[in-house]
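What follows is a single structure, written as structure tokens, with notes after it.
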């Protein structure tokens, strides 16, 4: 009973954070809903759903490739439906990891003999998704190096991206390699900690199929390219002539890294603040473009989440799944 009460209180708190941030952005004039409404023509809506759908499909394909690397010969339809269910729960639960918990729950239920690989596939999928964001951020820095060096705050953000990218690269290189694990003497530590041994061995099983890992990273990068096209198109149709590809390439990956922090449902509110700051800092002028663009993207993704809700209701024991995910999220 106490656990359920804590879960509900956590949800209420995080929804309140999201609502508070959005309200602040609207009242401060950084988010003008009338501008967003003016962009909603049938053609613009169709294009928004197409671009958001392409990003979602490639993200799902990234996960499917990882599963196939471990012998999960699942269909594209099955994997995509589970991924859409995950997106639905990203909106139904606080934070951006609720969907990961639910798709993991269903995958383990369908493949109980591959429990460790099922769970780890989601961990690696999430990590590779973030990894692709940092790759694109560093590409943006390389294209606009002089600008970054001349702006202290952006320079520190770029340095942080570089450090995290290097850290993840070292982590993946070691975790996927049995040879490096032995060379660094980590197998002695693994011998003393059974849970660590199982996790490392599972990572190494994934690492044996380097081709699938590389394809997963490429799928993730191409997916983010569709997202950046989405943001650039919002700039075009809204008449924001200051929005360049360099600005989009720099702000979008970093913005989505921030929204991945699980403090609000689907990053709502947090995303508005992050994208407003990043685009305003990059353009060095007052603009509401960042908040308008991320809100449009979130609305498009929410539409795909409704498709995920359809697949979710077709599954068994939906109430049990919701309860388990809420308790894990808290």
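Looking at 166, 180, can you tell me which residue is in a helix (DSSP H, G or I), farther than 19 Å from residue 258 by Cβ and over 27 Å from the mean Cα position of the chain (by Cα)?
On the way: 166 fails: over 27 Å from the mean Cα position of the chain (by Cα).
Only one candidate passes the filter, namely 180.
Being part of a helix (DSSP H, G or I), modelled with pLDDT of 80 or more and surrounded by 23 or more Cβ atoms within 10 Å (Cβ to Cβ) is the requirement here; does residue 109 meet it?
Values: part of a helix (DSSP H, G or I): yes; modelled with pLDDT of 80 or more: yes; surrounded by 23 or more Cβ atoms within 10 Å (Cβ to Cβ): no.
No: the conditions fail for residue 109.
Mind counting the residues in region 152-171 that are touching a residue at least 60 places away in the same chain (Cβ under 8 Å) and surrounded by fewer than 16 Cβ atoms within 10 Å (Cβ to Cβ)? Break it down stepwise before answering.
Start the filter on region 152-171 by keeping residues that are touching a residue at least 60 places away in the same chain (Cβ under 8 Å), which leaves 153-154, 157, 161.
Those left that are additionally surrounded by fewer than 16 Cβ atoms within 10 Å (Cβ to Cβ): 153.
So the count comes out to 1.
Go through region 73-82 and give me each residue that's crowded, with 20+ Cβ neighbours inside 10 Å and under 18 Å from residue 213 (Cβ atoms). Walk me through it before giving the result.
Step one: list which residues in region 73-82 are crowded, with 20+ Cβ neighbours inside 10 Å, which gives 79-82.
Once the filter is applied, which keeps residues that are crowded, with 20+ Cβ neighbours inside 10 Å and under 18 Å from residue 213 (Cβ atoms), region 73-82 yields only 79.
Kindly indicate which of 174, 119, 87 is assigned to a helix (DSSP H, G or I), touching a residue at least 40 places away in the same chain (Cβ under 8 Å) and out of contact with any strand residue (DSSP E or B) (no Cβ under 7 Å at 6 or more places or on another chain). Explain how you work it out, then say what you get.
Details: 174 fails: touching a residue at least 40 places away in the same chain (Cβ under 8 Å); 119 fails: touching a residue at least 40 places away in the same chain (Cβ under 8 Å).
Unique residue meeting the criteria: 87.
The values are calculated or read from the model by the stated rules, or taken from the named source; none is laboratory data. Note that the structure is a prediction, hence the values are computed from the model and not measured. Positions of Cβ are backbone-derived with ideal geometry, glycine not excepted, and every protein chain shown enters the neighbour counts.
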